[in-house]
Structures are given as structure tokens and as C-alpha cells.
Amino acid sequence: MSRRVVVLTAGLSQPSSTRLLADQVADAVRAAVGGRGESVEIETIELRELAVEMAQTMVSGNRPTPGVVAAQAQVAAADGLVAVTPVFAASYSGLFKTFVDLLDPRALDGMPVLLAATAGTPRHSLVLEHAMRPLFAYLHAVVVPTGVFAATDDFGGGEGGSDLQRRIQRAAGELAALVVAEPTAVEGFAPTTRDARPQAYGLTPSASFADLLRGHDGTA
């Protein structure tokens with residue numbers, strides 16, 4: 001059975017350390033899911049590429065543009081999420097928070113989520129616990145115990161790089177375990193989270209990808 005994991009990356013530059021970390025985590029998740037006998041499709045959303053559309057959506061009375069609608073649909077249909085942001089002013093970036101603000105509050109119900117962040121100094125490592133974890137708890141996501149923080153020096157190899165890889169492998173294993181887990185609710189008595197998330201956008205669980213991209217006025 002194939003699973004789908006969406007990677008959100010909020011780096012501003014190109015290339016960026018945030019995208020580098022996101023790719024490393026994605027590779028580790030792919031290997032961890034494969035190690036459990038499942039295949040996984042990784043979809044990466046570069047929020048930098050949606051910056052203008054997100055701003056337009058925000059100032060237009062929350063009428064999503066096509067790019068935002070497509071990204072929302074990808075997230076809602078995922079089996080798991082990797083969320084990676086750079087640290088600005090001791091918290092997640094405004095670009096990252098803007099996209100989260102545009103998600104339906106039910107879109108992440110019960111979804112396994114791996115949190116990761118980058119910054120120039122290790123002093124910002126607590127951003128995972130004091131900013132990102134509460135945000136995703138509010139959205140009822142299931143956040144894996146291990147977060148991944150990478151300072152600039154962690155990408156230079158040596159002991160810092162080894163520690164980073166160990167954290168990535170551990171977090172990826174935790175996410176993979178949740179992504180491949182089967183629902184335990186008795187059918188007919190409780191909705192599965194996989195059913196509930198697409199319905200947050202007025203869609204049925206069997207909706208096609210074309211349905212996911214339809215505008216609120218019913219046109220494609």
C-alpha cells in the first residue's frame with residue numbers, strides 16, 4: 001500500500017538550509033516507511049513559491065487562489081506531514097504561519113506530523129517546543145516526540161552533522177510508524193481521520209484530484 005507524505009518548507013532563499021533539511025528528512029522518511037514494507041510518495045510544497053498567492057488570499061476575504069487551493073488539497077489528503085520553517089524573531093516564519101492560517105482548522109485532525117526548524121545558532125532550538133508544538137497541538141495533529149532542529153554548524157559535517165542525522169533518523173522512524181499504522185476505530189462508529197480531513201474542504205473521501213482543485217463556485 002502506498003502512503004503519501006507532504007513536506008512543507010518555508011525557506012526564503014534558493015538554495016536554503018531549510019529546504020536542505022526538508023530534503024534530508026524526506027529521504028529519511030522514505031527509507032523508514034520502506035523499511036516497514038510500504039511505499040511512500042513524497043510531495044514537497046515550497047511556500048516561497050506561494051507567497052504572493054497567500055497574500056492575495058489573505059486580503060481578498062479568504063478566497064483562495066488556485067495555487068493555495070492545490071496546496072490545501074495536498075495537505076488534507078496526506079497520510080503524514082513534515083513541517084520545516086526557518087526561525088525568525090525566536091519563532092516560526094511569517095510565511096509558514098500564513099499558510100497554516102489558511103488551512104481549515106480540521107485539515108490536520110489526527111494527522112502525524114514531524115516538526116523541524118533551522119536557524120543560525122543553537123540558541124533557537126527551543127522553537128520546536130515553545131512555538132511549533134503548541135501550534136500543531138491546537139490543530140489536533142499527532143506530533144511525533146522527536147523534533148529536528150538544525151543550526152548552521154550542523155550542516156558542516158563533524159560531530160554536529162552526526163547528531164543531526166541521528167535526530168533525523170529517529171524522528172523519521174517515529175513518523176513512519178504512525179503513517180503506516182492502520183485505524184483502530186470500529187468501522188461505522190467513528191470517522192477515520194483520512195475521511196475527516198478532505199471533508200474539511202467540503203469534499204468526499206473518494207473525491208478525485210480534479211475535485212480537490214475545483215473552486216468554491218463549483219468551476220474547475
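Tabulated results
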{"read-out": "Sequence ranges 67-73, 30-36, ranked by mean other-Cβ count within 10 angstrom, highest first", "value": "67-73, 30-36"}
{"read-out": "Table column - 3J(HN,Hα) (Hz), the stretch 89-96, Karplus curve with 6.51, -1.76, 1.60, x for Gly and Pro", "value": "6, 6, 8, 5, 6, x, 4, 4"}
{"read-out": "Charge dipole magnitude, Cβ of K and R +1, D and E -1 - the stretch 1-78, Cα centre, debye nearest 20", "value": "140"}
{"read-out": "Nearest-10 value in Å² for the accessible area of Glu49, using the 1.4 Å probe", "value": "130"}
{"read-out": "Solvent-accessible area per residue for the stretch 24-88 (1.4 angstrom probe, square angstrom)", "value": "41"}
{"read-out": "Theoretical gain in end-to-end length, Leu20 to Glu182 [0.36 nm per residue, Cα-Cα removed]", "value": "55.2 nm"}
{"read-out": "Portion, in percent, of the accessible area of the stretch 1-160 that falls on carbon or sulfur, probe 1.4 Å", "value": "54"}
{"read-out": "Accessible-area order (highest first, 1.4 angstrom probe) of the listed residues His124, His130", "value": "His130, His124"}
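The values are calculated or read from the model by the stated rules, or taken from the named source; none is laboratory data. From a predicted model like this one, the values you see are computed outputs, not experimental measurements. Cβ atoms come from the backbone with ideal geometry, glycine included; neighbour counts cover every protein chain shown. Ligands, DNA and RNA are stripped out before the accessible areas are found, and what is left, the full protein with its side chains, is counted by its heavy atoms. Shrake-Rupley method; radii C 1.70, N 1.55, O 1.52, S 1.80 Å.
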